[in-house]
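Report on the following structure.
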Amino acid sequence: MKLIKNKAFIGTALMMALSLTSCEDILEEQPRATFTPEFFRTETGIYGGVTSMYAHLRYIYGQAYYYNTTETGTDEVTYAQSADQNFKIMDISGQGEITSTDSRADVLWIAAFSNINTASGVIENAAAVGTISDALVAETRFFRAFDYFQLVQTFGGVPLDLGAGELKFNNNPIRYSVRNTVPEVYTKGIFPDLLTAVENLPANPRVTGGATQTLARLFLAKAYLTYGWWLENPNNIPTYPETPRTDPDGHDAQWYFQQAYDVAAAGIDNPGPFRLQDTYYDVNLGSNDRNSEVLLYADHTETSEFYNAASLTYSNGGAPDNFAGWMMTWNYTNIRSATNPDGTGMISSVQREAAQNLGRPWTRMAPTIGVITNTFADKTNDSRYDGTFNTVYRGNWPKGNVNAAFVYNANGLQVSPGEPILTFLDEQPATPVNYPSNAGKSNIGAGELPGRADFVIAPRGISRVVYPGLWKLGTYRTDNNGGLGQPNAASTRPFNIAKFSEFYFVAAEAAVKGANAQAGKSARELINVIRARAGNWRWDNNGNMAKVVDNGAEMVAATPATIDMDYILAERSREYYGEGYRWFDLVRTQKWEDLASTYEIAGSNYGDHTPQTITRNIQPYHYLRPIPQIQLDRMDMTAAEKSAYQNPGYN
């Protein structure tokens, strides 16, 4: 395969290693122009290769175009007003077709295969070096399995042989490739590596953010669960390369569901240093990043551009920057308020700020109306809506050096700095919102309610241009110094990839699929651990005030007596909304068309608050992404061979 090739790649991988902040000994290595395979057989080279496992995550997670492929087109997200074709085509709603050229799943393909080859190099050379521990090699085995797991879910069967033999390190340019089947990828690649990782990884990480036994257990449980679904294939979704839905080891789907349950239950019982945070708000709070619930993240830092691998002041949007959070940030800076009582002297009353509730607006992705009204229907007991979205935009004009003690806002009423300028209402109000026919006084088409100084938009009035922002991925900086800070820089926060809470969901899903549950760990009991936590508040995020309330009992009482897959998927959306899980969840369970074939949202013009029902044309072949055209172009194969290499539906 051309993309996974030679010593130039090794140099790239090891240079990436030097940009990671997790291990001081590795960071003391000196950058080199090239790294040869011989250097890779040294202890320094091995450590550099292991560190690059972590660095490569930045080229996938936080990369907004890849992030888009995991969310847009699901029941969670549609394209927004400023979306280009990268986003519109993923919606599968008549805005263009997904092709091998414009599907941005290429981000995963390129980064993952490069890392897989590095991992194989570490695994092969570690024994010869003689000073490398089994635990260190297990970190590498985890990442090789991790990458293959992401690839097989996305593309179907993928190559195990990169040119030197299956799961062997290759340092020669190869321009020919053969895809393995899905069962081969799981049983030869993913499961053996993860089982070894579970056995050899420590309970406590070697370095901050390092791979652990708990992390490996989570992905082993997820892989078992996903493969069980693949074997069962309830809706007859095609696979590729074509192969019988049988397991080479002779196990059926139920065996894998049971394994998923048992491994997830073991993860819950043997957490190591990990645990659930006390409140949902704390899970995604910027000042609480790298907390005990997060098992894996693509790291960034505001303390050094070198170790951040990105500018601290500006970004054009590209890997390895973390800029995914911009995508569901609408252009709130267009809100206008008056400095004079007659409505003149308009200013931008909510200015662009490097803050978690604001950040850099790109308006590429938007939540559907159903997310606001159905997924997060309970906004009183359940804290997760408040801990997911920014729904109140407060005046911050003094930070932009605008000299005004207050502004005149909705209904001509005064608003002081820090008070609400615009509010996305939690529920449809009894008194209909008085919307303008266009941009109106607010300049963004927001409405008014009698007696309120803030402009308002009701849940069924959100559109592709104005909608609640995604707070959980928002910017967090400690160097704003009382001003607007650096809102044009990419996020210096880590992008969270795996959380301890998912053990409960995996075990619950496996139980629903027929796994024998342990005492105290039925599907309902497992889900209620998550729901009870969701009912525990310590802070009203959008109210900007303390709220010490525990609605856990109410949340548990509202849980259905019998848990089914639709309920688990709804709970997963409430827990992980906008974090890049949803497409994988819908594909795994084959519920994509059931849950996402239609959605509602208003149009792309300010003042448009009339919901439209949009239909998506989700076809069975869409359950796999196309092999990237860049891969096909770089292989010396006939047109017929390339056509056979491509997933059906994309030729």
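The values are calculated or read from the model by the stated rules, or taken from the named source; none is laboratory data. In this text, all values refer to a predicted model and were calculated from it rather than measured experimentally. Reconstructed Cβ throughout: ideal geometry from the backbone, glycine too, with neighbour counts over all protein chains shown.
Data overview
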| item | result |
| --- | --- |
| In the range 90-101, the residues that are buried (at least 18 other Cβ atoms within 10 Å of the Cβ) and more than 16 Å from the chain's Cα centre (by Cα) | D91, I92, S93, I98, S100 |
| Some residue of the range 194-201 being in contact with an Asp or Glu (Cβ under 6 Å, 6 or more places away or on another chain), over 22 Å from I110 (Cα atoms), touching a residue at least 40 places away in the same chain (Cβ under 8 Å) and surrounded by fewer than 22 Cβ atoms within 10 Å (Cβ to Cβ) | yes |
| All strands (runs of 3 or more DSSP E) inside the range 545-647 with 1 or more residues being over 15 Å from V371 (Cα atoms) | 545-550, 612-615 |
| Test: residue in the range 490-499 that is among the hydroxyl-bearing types (S, T, Y) and out of contact with any strand residue (DSSP E or B) (no Cβ under 8 Å at 6 or more places or on another chain) | no |
| Number of the condition not met by N316 [criteria: (1) over 19 Å from the mean Cα position of the chain (by Cα); (2) surrounded by 23 or more Cβ atoms within 10 Å (Cβ to Cβ)] | (2) |
| Members of the range 600-623 that are touching a helix residue (DSSP H, G or I) at 6+ places or on another chain (Cβ under 6 Å) and buried (at least 22 other Cβ atoms within 10 Å of the Cβ) | I601, Y623 |
| Only listed residue being over 30 Å from V556 (Cβ atoms), in contact with a strand residue (DSSP E or B) (Cβ under 7 Å, 6 or more places away or on another chain), β-branched (V, I, T) and modelled with pLDDT under 95, chosen from V407, V433, V402 | V402 |
| Single residue of the range 632-649 satisfying the filter (free of Cβ contacts under 8 Å to residues at least 24 places away in the same chain and among the acidic types (D, E)) that is surrounded by the most Cβ atoms within 10 Å (Cβ to Cβ) | E641 |
| Unique residue being surrounded by 15 or more Cβ atoms within 10 Å (Cβ to Cβ), under 23 Å from F155 (Cα atoms), in contact (Cβ under 8 Å) with a residue 24 or more places away in the chain and in contact with a helix residue (DSSP H, G or I) (Cβ under 7 Å, 6 or more places away or on another chain) when the list is T589, T559 | T589 |
| Hey, L296 in contact (Cβ under 8 Å) with a residue 12 or more places away in the chain, touching a strand residue (DSSP E or B) at 6+ places or on another chain (Cβ under 7 Å) and closer than 23 Å to L586 by Cα or not | yes |
| Residue check, N357 touching a strand residue (DSSP E or B) at 6+ places or on another chain (Cβ under 6 Å), in contact (Cβ under 8 Å) with a residue 60 or more places away in the chain, closer than 26 Å to A80 by Cα and polar (S, T, N, Q) | yes |
